[in-house]
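Presented below is the structure to which this report refers.
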Amino acid sequence: MKDFCSRMLALLRQLGYVAAAAVACFYVFIVLKGPNGLPVMMEKRERIERLKQENDALRLEIEKRRQTIEHLESSDEARERAIREHTHKSKGNETTIYLPEGDTDKSQQ
């Protein structure tokens, strides 16, 4: 009888370990597939990467504009030219040709 009880306890202990492992696996499955699971985490990671790329592009744009501003501050000729382009005016001896916005001349490149 004592031998039977010890085998029964060992079997129950092993069954308890298997049940605990099964519950743990089920919990992990539910957490990973739930509303805050892997798909949401992957989506957030992709969004973070897109925002980082957008941030980098904006940094480049800011640096480009900063250089343009520095150039305009240091050069009277560049400042005068920018004002003429902005106001669509020209000097007395200049001829200005306006092209439609969609057209680009590939021979200049």
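Some observations on this one:
- Of the helices (runs of 4 or more DSSP H) entirely within the stretch 1-108, those holding at least 2 residues that are on the phi < 0 side of the Ramachandran plot, in contact with a helix residue (DSSP H, G or I) (Cβ under 7 Å, 6 or more places away or on another chain) and surrounded by 10 or more Cβ atoms within 10 Å (Cβ to Cβ) occupy 38-74, 76-87.
- Scanning the stretch 14-44 for residues that are at pLDDT 90 or above and among the charged types (D, E, K, R) yields Glu43, Lys44.
- Checking each residue in the stretch 29-60 for being of a type in the set (Gly, Ala, Ser) and within 11 Å of the chain's Cα centre (by Cα) picks out only Ala57.
The values are calculated or read from the model by the stated rules, or taken from the named source; none is laboratory data. These numbers come from a predicted model, not from an experiment. With ideal geometry, Cβ positions are generated from the backbone for all residues, glycine too; neighbour counts draw on all protein chains shown.
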